[in-house]
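The values are calculated or read from the model by the stated rules, or taken from the named source; none is laboratory data. Here the structure is a predicted model, which means the values were calculated and not measured. Here the Cβ is made from the backbone with ideal geometry for all residues, glycine too, and neighbour counts use every protein chain on show. Please note that ligands, DNA and RNA were not included when accessible areas were found on the heavy atoms of the full protein model with its side chains. Shrake-Rupley method; radii C 1.70, N 1.55, O 1.52, S 1.80 Å.
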Amino acid sequence: MFVFNYHTSIPACKLKPRTFPFDFLSICARKGQTKIFSYGHIMQPGTVVTFFDKDKITCGICLESKGNKLHLLSEQNRTFNLNLNRVIHQSEKPLNPALSKDELLKQLKATILAEEHLTERLDTEELWQLLHDEGENFDLPALAELAFGAHPTSEQSAATLRALFADKIHFKFKNGVFAVHPPDKVQQILIKLQ
């Protein structure tokens, strides 16, 4: 059993250092999996989904599911159809679809705010330091488990997705997994940013 000491650059008054026990080898063994989202079932109405819209992470609430199409209410208060294969994350527990549109939007925005708050707690450079020697690609569940410990919530997984997607120096999201940049690539990116 490997123990990962999780320390961040956030002041101690905001976040206490935490120690997470996990089986590092089993997480590394899952690296390179290409599916983040399970396509084997019909999505329930009320499920919060995360997807890319013009290279930006966006969330919506599933109002209806027909085959591989979802009818969504977006965080921008618009409804539209989305192919199921564009979904990169989904919530574990759906919101109550019987709520009014305004109440659903309010709960969606609260979910997004909670995810963004959790994102601030993640030190992506520290995750990179742990992973860059282990391999090139890791799936979101493995990375969320490394960041938050065993059995991360869907909000913690979504926060991991947001944090790693925003970190263009150490990670790249491609084909449903995060590629971990090798140290020489990180140096090249840092030089370009100067």
- Query: Want the number for His71 to Asn96: 0.36 nm per residue separation, take away the alpha-carbon distance, what's left?
  - Reply: 7.4 nm
- The long-range amide H neighbours of Glu64, using H built 1.01 Å from N in the peptide plane and a cut-off of under 5 Å, are His71
- In nm, give the distance between the simple-model label positions of Ile191 and Thr58, each being 7 Å from the Cα along the Cα-to-Cβ direction. 3.8 nm
- Message: Taking θ = phi - 60°, what integer Hz values does the Karplus form 6.51 cos²θ - 1.76 cosθ + 1.60 yield along segment 139-152, in sequence order, with x for Gly and Pro?
- Response: 7, 4, x, 5, 5, 5, 5, 5, 6, 10, x, 4, 6, x
- Task: Please give the peptides 129-138, 94-103 ranked by average Cβ packing (other Cβ atoms within 10 Å per residue), highest first, as a rough proxy for protection.
- Result: 129-138, 94-103
- Item | Per-residue HN-Hα couplings for segment 133-138 [Karplus 6.51, -1.76, 1.60; θ = phi - 60°; Hz; x = Gly/Pro] | 8, 8, x, 9, 10, 9
- With the 1.4 Å probe rolled over protein heavy atoms, segment 142-194 has an accessible area per residue in Å² of 48 Å²
